[in-house]
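Engineer: Here it is, the structure, as structure tokens.
Quick note: the coordinates plus some simple rules give every number you see, no bench work behind them. Just so it is clear, the model here is predicted, and its values are computed rather than measured. Positions of Cβ are backbone-derived with ideal geometry, glycine not excepted, and every protein chain shown enters the neighbour counts.
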Amino acid sequence: MGFEHTSVMPQEVNEHQNLKPGNICVDCTLGGAGHALATLKAILPDGMLIGIDQDLDAIDHAKKILDPFKKNVRLVHSNFSDLPQILNDNGITGVNSILLDLGFSLNQLKNGNRGFSFNKNEPLDMRMDIRNDLTAHEIVNSFPEDELVTLFFKFGEEKFSRRIAKKIVEHRRHTPIQTSAELAQIVTKAIPAKFVYSQRIHPATRVFQALRIAVNRELERLEQFMAIVPSLLLTGGRLCVISFHSLEDRIVKQALRKFEAGCTCPKELPVCLCGFVPQMRSVFRRPLIPTKEEISANPMARSSKLRVAQKV
């Protein structure tokens, strides 16, 4: 299975992780292992990289790519929200850097055969970890119409969610929806023609995003993870998060604001009673975005944003 090695904003990530030889680092989403390889080279000879991915194909690929440095690597088939337990299992109390690249790999689109792409005729699966039970097929063919409306609107920000849900339910009354191409066709037919042809993106993009998020509990796991980030970092340690849509970026931004603010007492109180102190500080106010040159070379980087924060 051929993996793409293209990493998003590789120079910016490498610079702002602030890596030094001997550091302990975590790549929470290995993907094609491009970021992991660059991180390892910066922390040798005695640093350690913990690489996590919920896609077993990504773990197998990383084993090959990172084999020359295997004594410095621990690879774990899991979700990044399990990081506290993973660190505990390895006897690690804190790390120098955590990288979270929330994009899904080009390999999953091209070779996964799990229905991530609306341009392919694949089974409606969308599980990044095939050990999980819920699939896109189950959601599309069994969820009540109102639940589909909510899901498409909440996770896909799809303004035609009601029309699309209605079409899906009408179709499945006669025959189950089995493939990604079949679903994409139903969604396209549900959207008014003038909007289909005026959109910059494929008309099924938001529905597929919503299904992928729901199947993999992406936002729920991101919220869980962001709530505990400071406890995983050593003082001066850095968190780098690359997000690809507004729902992800909002969760990251709000969590970092909370960690920066510290005290949560009402402003009218003369003294602080909560005892919370700032735990993180953002390295820059606005997120970094890829250069035009990078977007031209790697169109999947187009919507990405990089936020970096340091534990105080």
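Engineer: Can you tell me the 0 to 90 degree angle between the C-alpha axis of helix 161-174 and the longest principal axis of the chain, rounded to 10?
Structural biologist: Roughly 60 degrees between the two axes.
Engineer: Here is a follow-up. Compute the longest continuous run of the chain that contains no exposed trypsin sites (Lys or Arg not before Pro); treat a site as exposed when its DSSP state is not H, G, I, E or B and it has at most 10 other Cβ atoms within 10 Å.
Structural biologist: After excluding every exposed loop site, the longest remaining stretch is 1-130.
Engineer: What number, rounded to the nearest 500 deg cm²/dmol, is the helix-based mean residue ellipticity at 222 nm of the chain, given -39500 (n - 2.57) per DSSP H run of at least four residues and division by all its residues?
Structural biologist: It lands at -13000 deg cm²/dmol.
Engineer: So how strong a dipole does region 121-216 carry about its Cα centre when Lys and Arg Cβ are +1 and Asp and Glu Cβ are -1, to the nearest 20 debye?
Structural biologist: On the way: 15 positive and 12 negative charges, 100 e Å.
The dipole of region 121-216 has a size of about 480 debye.
Engineer: Kirkwood Rh and Cα-based Rg: tell me the resulting Rg over Rh for region 121-216, rounded to two decimals.
Structural biologist: 0.94
Engineer: Still on this structure, please answer the following. So which of LYS159/LYS305; LYS120/LYS167; LYS166/LYS292 end up more than 29 Å apart by C-alpha?
Structural biologist: Violating the 29 Å limit, Cα to Cα: LYS166/LYS292.
Engineer: Still on this structure, please answer the following. ³J(HN,Hα) across region 175-182 via Karplus (A = 6.51, B = -1.76, C = 1.60, θ = phi - 60°), whole Hz, x for Gly/Pro?
Structural biologist: 7, x, 8, 9, 10, 5, 5, 5
Engineer: Something else: Cα convex hull of the chain: how many Å³ per residue?
Structural biologist: It is 156 Å³ per residue.
Engineer: Please compute the net charge surrounding ALA210, taking Lys and Arg as +1 and Asp and Glu as -1 over other residues with Cβ under 12 Å from its Cβ.
Structural biologist: Within the 12 Å Cβ shell, the charges total -1.
Engineer: Counting only C-alpha contacts under 8 Å and six or more residues apart, can you give the relative contact order of region 149-229 as a whole percent?
Structural biologist: Across region 149-229, relative contact order equals 37 percent.
Engineer: For region 64-77, in order, what is each residue's ³J(HN,Hα) by Karplus, 6.51 cos²θ - 1.76 cosθ + 1.60 with θ = phi - 60°, in whole Hz (x at glycine and Pro)?
Structural biologist: Result, ordered by residue: 6, 5, 9, 3, x, 10, 4, 6, 9, 10, 10, 9, 10, 7 Hz.
Engineer: Follow-up question, since we're still on this one. So what are region 169-312's ellipsoid semi-axes, whole angstrom, largest first, if each one is the square root of 5 times an eigenvalue of the alpha-carbon gyration tensor?
Structural biologist: The answer is 40, 20, 14 Å, longest axis first.
Engineer: Would you please state the base-10 log of I(q)/I(0) at q = 0.10, 0.13, 0.18 1/Å for region 1-157, with intensities from the Debye formula using one equal scatterer on every alpha carbon?
Structural biologist: For region 1-157, the Cα-only Debye profile gives -0.42, -0.67, -1.09.
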